[in-house]
Amino acid sequence: MRYAETGYNLEIDLSRGNIERVATDPRDSELYLGGQGTAAKILWDRVGPEVDPFSEDNLLIFSAGLLQGTPVPSANRTSVDTFSAQTGLYSHSLFGGFFGPEMKHAGYDKIILRGKSPKLVYLYIHNDVVEIRDASHLAGKGTMDTAEILKKELRDSKVQIAAIGLAGENRVYMAAIEHYNSSASRGVGHIMGDKGLKAIAVRGTKDINIAKPEELHKLCMDKYTEIYDKRVKYAGDVLTHENNETFHTNSFAWGNARERRKDFWKPEMTAEWGKVTEDHLLRHSACYNCPLDCHASITYPGRRTFFYKCYSKLTYAMAAYKDLHFNYDMIAVTQEYGLDGFSTPQVLAFACELYEAGILTDKDLPDFPKDTGERFFYLVEKIVRREGVGDALANGVYRAARQIGNGAEAYDHNTTKKFEQLPLKLGNLNYPFFLMYATGEKMCITQIEGAFPQDPIRDIEKRKAFVEGWEAAPERFKKWYLEWEPRTQPSIEASVNIADWNETGHYVDDSIGMCAYVSSFRGQFGGRIPYHMYNLPDFISLASGIDIDTDKLWEAATRSRTLIRAINNRRGLRRVDEKPPGDHWKYRDAAVEKQLLDEYYKFKGWTEDAIPTKEKLAELGLDFVAEDLINRGILTDNADTPVKEPSA
Amino acid sequence: MKKVKTIKVDIDKCNGCRACEMICSAFHATPKYSSNNPEKSKIRVLFDPIKDIYVPVYAGGYTEAECNGWDIYTIDGKEYDECAFCRASCPSRDLFTDPDSGLPLQCDMCLDDPPQDEPLCVKWCHADALTYEEREEEGEEAKKKPDEMEVGLQSLVKNHGAKKVMESLAKLKQEKD
Ligand code: SF4
Ligand code: SF4
Ligand code: SF4
């Protein structure tokens with residue numbers, strides 16, 4: 001019997017209208033766990049480097065994590081994996097809420113979509129009933145509108161819906177897939193649109209088997225209580241309950257990632273901005289089986305109710321030099337269009353700068369308003385319709401800059417691997433963060449950072465006390481943390497390890513479906529975290545029956561991570577692409593950066609050109625990957641790489 | 001005097017976490033905790049985040065026929081569907097019907113095997129949307145309630161007649177043997 005997972009994937013061919021329920025290999029779950037891990041394996045096996053992201057052969061995969069639908073608290077993240085036309089590379093995003101558990105109760109661990117529907121459709125799943133249905137009546141409809149219409153016509157209030165808006169339909173690269181309080185972004189929405197799939201509506205009523213039900217139940221209930229009791233300090237998204245925005249408004253850059261305003265926040269603003277939230281807040285809401293309530297639903301007159309998550313509470317405001325009221329109004333509009341709240345504000349601020357610089361003119365932007373806020377609304381309408389210059393802007397900053405030309409390239413200073421990054425402008429190079437920005441393949445730093453504290457506790461006695469009970473950390477990190485002098489960088493060796501530990505935590509979470517707010521993302525602020533490499537193996541074993549310990553868990557995550565690197569290597573990713581955004585740090589150090597990368601690649605078992613070596617691949621049981629890379633001339637048999645022009 | 005056990009529901013406090021569904025279905029699964037399937041929970045949260053509607057409803061037991069009490073209520077500007085607050089397992093909807101057996105589901109206040117001091121859904125609702133209440137009321141202490149299986153069978157007997165039900169059971173048994 002299969003435990004924790006259903007053992008079946010749903011294979012949908014949208015070109016041919018073919019639907020199949022396919023049994024999966026339990027061995028893959030042992031090797032890659034599930035979620036992102038097993039999705040990566042499918043992408044490696046079935047989508048070669050020659051496949052254009054907009055081709056029928058690209059796959060769009062919705063994966064429930066291994067622990068979704070089990071009693072494990074906060075395991076509700078669904079992974080969406082595909083290839084993005086924006087980056088040309090592997091693209092991945094996660095969303096919480098209720099979708100994944102419902103899909104599992106319907107009897108599927110994954111929904112794998114291939115092909116393209118000739119007309120707009122939605123996918124309806126109710127246990128064994130799976131149908132591709134006409135969605136022409138939903139064309140151009142907002143994401144929440146779509147969910148509401150579908151719920152009504154399906155006469156089922158318990159159906160869970162994930163949908164794209166106009167942005168996704170028009171293949172805007174910043175398009176997201178929206179599911180109430182959660183959304184998947186980073187390049188998955190435009191592929192859903194390209195496939196002609198407006199939404200997925202899923203309803204499931206079947207049981208999910210648990211290997212050791214009683215023991216798991218006990219463990220879960222204790223964890224549930226612990227997460228709830230420690231919620232303020234150690235878990236969840238503080239932004240939704242916090243009205244004091246000093247940290248974000250001071251630390252992140254405003255406009256097109258241009259300027260830090262360290263004196264922007266005044267004490268009285270906590271009450272003023274707090275009131276804006278209070279006046280429009282409907283309630284805080286949770287994701288499936290989580291004791292926290294990180295999502296705020298907000299209503300604005302004349303707008304649809306929306307949900308904000310995390311730093312998207314401020315991204316539009318800061319990009320436009322506006323306030324919270326503006327930001328809320330903006331999310332209300334962009335959530336309906338299905339636009340990502342991280343990358344979209346960057347594109348809008350970039351366009352405004354181009355206009356100020358005379359690179360975009362009134363010819364490109366007829367009747368362009370004077371006020372930046374109004375400009376943002378104006379630009380959004382152009383972008384989601386790919387109208388005029390909106391067509392270029394819809395391809396994200398990197399590509400738009402090159403399409404517009406005329407010096408626009410110089411304004412693209414905040415992307416990595418052709419993808420918009422968080423707007424930062426800092427002083428000294430930060431070693432672990434340099435590595436994470438340069439080498440990460442989840443494209444957003446929030447999906448890479450997290451385990452190791454960002455700063456040392458100044459008081460050494462307090463620091464010692466912290467390290468005493470630091471269960472999440474392997475021993476070596478305790479030593480490095482104790483030795484860390486405030487205002488200095490950790491050693492190269494420590495930095496390499498920190499970058500690796502940080503990202504490995506996310507690869508674990510994203511395979512098992514755990515929310516990073518109670519796990520991989522949360523350690524960096526110096527607190528205890530509910531889940532980590534040392535206690536997760538128990539949850540995984542008791543739920544799934546997979547025999548796993550900390551070492552094996554680390555190895556499984558490394559296996560998925562390495563496979564994803566190889567997937568991107570096959571698409572041309574090389575060392576030369578591994579750079580942080582252009583002016584993220586004011587003071588750079590080429591020699592140290594080179595050393596950091598050299599050491600990191602060595603540590604990871606990658607060649608100097610950032611490709612996993614044959615030995616490393618063999619060690620992880622990925623010999624088939626090595627063989628493929630050698631056959632393609634990407635790796636040589638003696639672990640050396642031929643000098644080849646990178647093309648990512 | 002008889003003791004009446006109820007759960008008071010504050011829909012303003014519910015955050016839609018569905019922990020109540022999780023714990024109820026796990027505790028009442030056979031074998032215990034073998035699965036946590038919200039569809040088998042005796043409490044369901046009828047929610048629509050877009051309309052800000054969150055209504056936890058615990059199963060009140062089987063009702064024979066569709067009632068004629070349908071109405072649409074608007075409260076605080078929010079429109080609640082027909083049947084939104086109804087606790088019955090009733091033929092006109094799929095709520096509180098076990099998806100495998102088709103039998104109606106009914107809340108037993110967690111007094112089943114082993115009896116709990118406090119309903120588990122109440123215990124695990126950290127948002128305090130659910131509160132357990134016992135009150136004394138005039139009247140006789142209720143007879144022991146029929147268990148779920150009996151309730152289900154009674155309804156089948158009513159709808160199809162005892163003979164038909166017996167025949168079907170015999171057929172099922174034969175198939176199984
Ligand atoms: S911690 Fe917050 S975001 Fe994560 S699952 Fe819980 S409610 Fe959702
Ligand atoms: S546990 Fe409480 S807050 Fe959560 S869904 Fe149930 S009633 Fe609502
Ligand atoms: S009281 Fe017990 S049986 Fe009734 S709904 Fe709550 S958890 Fe379920």
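The values are calculated or read from the model by the stated rules, or taken from the named source; none is laboratory data. The structure presented is a predicted model; accordingly, all values stated were derived computationally and were not measured. A quick note on method: Cβ atoms are made from the backbone with ideal geometry, for glycine too, and the neighbour counts reach across all protein chains shown. For the accessible areas, the whole protein counts, side chains as well, though only heavy atoms, and no ligand, DNA or RNA atoms are used. Shrake-Rupley method; radii C 1.70, N 1.55, O 1.52, S 1.80 Å.
Things to note:
- Residue that is more than 12 Å from chain B (Cβ to nearest Cβ) and open to solvent by 40 Å² or more (accessible area, probe 1.4 Å), where the choices are A:V202, A:V238: A:V238
- Across the stretch A:462-481, the number of residues qualifying as open to solvent by less than 60 Å² (accessible area, probe 1.4 Å) and under 12 Å from A:F452 (Cα atoms) comes to 9.
- The residues on offer are A:E245, A:E226, and the sole one that is more than 16 Å from ligand 3 (Cβ to nearest atom) and within 14 Å of chain B (Cβ to nearest Cβ) is A:E226.
- A:D510 passes every criterion in (1) in contact with a His (Cβ under 8 Å, 6 or more places away or on another chain); (2) modelled with pLDDT under 95; (3) not hydroxyl-bearing (S, T, Y) apart from (2).
- Being within 14 Å of chain B (Cβ to nearest Cβ), of a type in the set (K, R) and either within 28 Å of A:R386 (Cα to Cα) or open to solvent by 10 Å² or more (accessible area, probe 1.4 Å) (or both) is not true of A:R261.
- On the stretch given as the stretch B:37-55, residues that are within 18 Å of A:H217 (Cα to Cα) and touching a Cys at 6+ places or on another chain (Cβ under 9 Å) total 3.
- Within the stretch A:271-289, if we keep just the residues that are more than 14 Å from chain B (Cβ to nearest Cβ) and open to solvent by 40 Å² or more (accessible area, probe 1.4 Å), the residue that is nearest to A:L94 (Cα to Cα) turns out to be A:E278.
- For the stretch B:23-35, a residue qualifies if it is within 11 Å of chain A (Cβ to nearest Cβ) and either in contact with a Gly (Cβ under 8 Å, 6 or more places away or on another chain) or in contact (Cβ under 8 Å) with a residue 40 or more places away in the chain (or both), and the qualifying residues are B:I23, B:F27.
- Subset of the stretch A:390-416 [surrounded by fewer than 23 Cβ atoms within 10 Å (Cβ to Cβ) and in a loop (DSSP other than H, G, I, E, B)]: A:G405, A:N406, A:G407, A:D412, A:H413
- Qualifying position, being assigned by TED's automatic domain parsing to the domain that holds B:T6, of a type outside the set (F, W, Y) and under 28 Å from B:K2 (Cα atoms), among B:L95, B:L111: B:L111
- Options A:R77, A:R114; residue that is in contact (Cβ under 8 Å) with a residue 60 or more places away in the chain, open to solvent by 10 Å² or more (accessible area, probe 1.4 Å) and either closer than 16 Å to A:K206 by Cβ or in contact with a Cys (Cβ under 6 Å, 6 or more places away or on another chain) (or both): A:R77
- Of everything listed in (1) at pLDDT 95 or above; (2) on the phi > 0 side of the Ramachandran plot; (3) open to solvent by less than 30 Å² (accessible area, probe 1.4 Å), the single unmet condition for A:A639 is (1).
- There is at least one residue in the stretch B:101-115 that is more than 16 Å from ligand 3 (Cβ to nearest atom), within 13 Å of chain A (Cβ to nearest Cβ) and at pLDDT below 95.
- Options A:L292, A:L339: the member that is among the aliphatic types (A, V, I, L, M) and at pLDDT 95 or above: A:L339
- Some residue of the stretch B:68-80 being closer than 17 Å to B:R18 by Cβ and in a loop (DSSP other than H, G, I, E, B): no
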